[in-house]
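Quick notes on the structure that follows.
The values are calculated or read from the model by the stated rules, or taken from the named source; none is laboratory data. Computed from a predicted structure; not experimentally measured. Because the Cβ atoms are built from the backbone with ideal geometry, glycine has one as well, and the counts that use them run over all protein chains shown.
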Amino acid sequence: MANTLSVYVKNILYRLSNVGVDPEMSYVESQYTKLINILNWIGMCCMLSYAIVNFGNERYFLSFLNLLNVCDATTVLILNKYRKYLSARLVMVISRLIIYTVAGLYFHNGGEYFLVALLITTSLMIDNKWIRFSLCFLIFIACGAVILFPQPPLLGSPVPPEQAYANMIVGILLIVGVVSFFKSIQSTYQQEIEKQRQALFSLNKDKEKMFSILAHDIRSPMVTLENLLQMFHEDLLTHNERIETIGLLKDQVSQLGSVMDNLLRWSVRGMQGIQTIKVTFLLRPLVLELFHFFDFLVRQKQLTVDINIPESMSLFADYDQTAVILRNLLSNAIKFSEVCGRVKVFADVKGNMIDIFIKDEGMGMDDRRINMLFTSSQLSTKGTIGERGFGLGLILCAEFIRLNEGNIRVESKLNKGSVFAVSLPKNS
């Protein structure tokens, strides 16, 4: 029962404070509107009480001013409800400037403190600089007049000192409350800006990675096309070799188109940054497709390729990211293999993970190079027949493996080859 009542009260307070607040408003503007609503709801209650007290003490004109204050607060809330925000603020400032000035001059009720609170509120909430300056100037003059030129009680007897002191305390609390609220708005706004800055920075980093992937994946078929066209240009091929090479050119162009389609699809999916979407897929068809991608390079180096992956073995990971991981590792295995060498790809199940091994018998690495593999300090290394690289592939591989909750291990000996082992979740 208590919880239900608490929720009901919170809902009521939320609706009262958010009169006219539009979800499409900026954060600062919505908070300003919320503050105006809160001030006017509280002001209505207080001024209605003052009106009753002053009427009972035969200060009829002051009671009338209090009722005018209630009416202007109601008008402000109605204008906010109908999205007339500037009109609401002008009504609030101008009407209260008049009411507080008259009350302070003739009833000596501490109206100058309410005018100071109004001055602070106006300076912070009115965007138009000329309107803001004009209103603040008028409020400043009115405040000075109340303090320096109190008028004789022509409209009724002044309020007793204790009521003036109470009004002074309320006015000071109002000033402190308004300043604190605006300070919290600015603090929260700065935090939101910092969050957006961090999100933008992260998004830009993701875009840089995606451009790196685009460059890395397009480069291999482009290099193959360049080599084939160079052979045509230098007239190094026999008639039969020309026919075979034309077939290879057709395959390479087709593969390049397929790569572009895949990468463009992935780029569209990643417009809000790199996203990891896990799906179930078979491992062996993916590996075969990737080797087809490197078919010319394998032939050029006369490599022997051994693939030992069960037909039914399946992963639960992001398909595109897994393709990038394996494509980079296979590219490196081919790149660093000696002519007439061997590349082996095999896989094994270990618990909830599948270990994918890519082994070559090429150049190998020393410990210093292994320690640099997955850092930004990695330098590009040429392959056994001068193939070029960007030195970015393994850095991206490591990140994508992490995003898919896997890990990567490396074993290598200089001039004896390398083994890369990638662990990714299996399909459960």
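Take segment 1-57 and flag every residue that is part of a helix (DSSP H, G or I), closer than 23 Å to Leu118 by Cβ and among the β-branched types (Val, Ile, Thr).
Across segment 1-57, the qualifying residues are Val28, Thr33, Ile36, Ile38, Ile42, Val53.
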For this session: Kindly provide the set of residues from segment 30-83 that are farther than 17 Å from Ala103 by Cβ and either aromatic (Phe, Trp, Tyr) or not assigned by TED's automatic domain parsing to the domain that holds Val19 (or both), ordered by number.
Result: Tyr32, Trp41, Tyr82
Problem set entry | Of all residues in segment 298-332 being more than 13 Å from Arg284 (Cβ to Cβ), among the hydrophobic types (A, V, I, L, M, F, W, C) and under 39 Å from the mean Cα position of the chain (by Cα), the one that is modelled with the lowest pLDDT | Val324
Seminar exercise, completed: Considering segment 95-148, residues that are out of contact with any helix residue (DSSP H, G or I) (no Cβ under 7 Å at 6 or more places or on another chain) and assigned to a loop (DSSP other than H, G, I, E, B), and then whichever is modelled with the highest pLDDT, we arrive at Asn128
Exercise. So which residues in segment 349-370 are assigned to a strand (DSSP E or B) and either polar (S, T, N, Q) or over 39 Å from the mean Cα position of the chain (by Cα) (or both), if there are any at all?
Worked result: Lys359, Asp360
For this session: Run down Phe293, Phe336 and say which single residue is in the same structural domain as Leu394 (by TED's automatic domain parsing), touching a Lys or Arg at 6+ places or on another chain (Cβ under 8 Å), in contact (Cβ under 8 Å) with a residue 60 or more places away in the chain and crowded, with 17+ Cβ neighbours inside 10 Å.
Result: Phe293
Exercise. Inside segment 333-350, can you point out the residues that are out of contact with any Asp or Glu (no Cβ under 8 Å at 6 or more places or on another chain) and at pLDDT below 90?
Worked result: Val339, Cys340
Problem set entry | segment 296-309: number of residues that are exposed (fewer than 14 other Cβ atoms within 10 Å of the Cβ) and either assigned to a loop (DSSP other than H, G, I, E, B) or not assigned by TED's automatic domain parsing to the domain that holds Ile401 (or both) | 1
Problem set entry | Options Ser134, Ser95, Ser63, Ser87; residue that is within 30 Å of Val19 (Cα to Cα), among the polar types (S, T, N, Q) and in contact with an Asp or Glu (Cβ under 7 Å, 6 or more places away or on another chain) | Ser95
Problem set entry | Test for Leu62: is it in a helix (DSSP H, G or I), out of contact with any Lys or Arg (no Cβ under 6 Å at 6 or more places or on another chain) and surrounded by 15 or more Cβ atoms within 10 Å (Cβ to Cβ) | yes
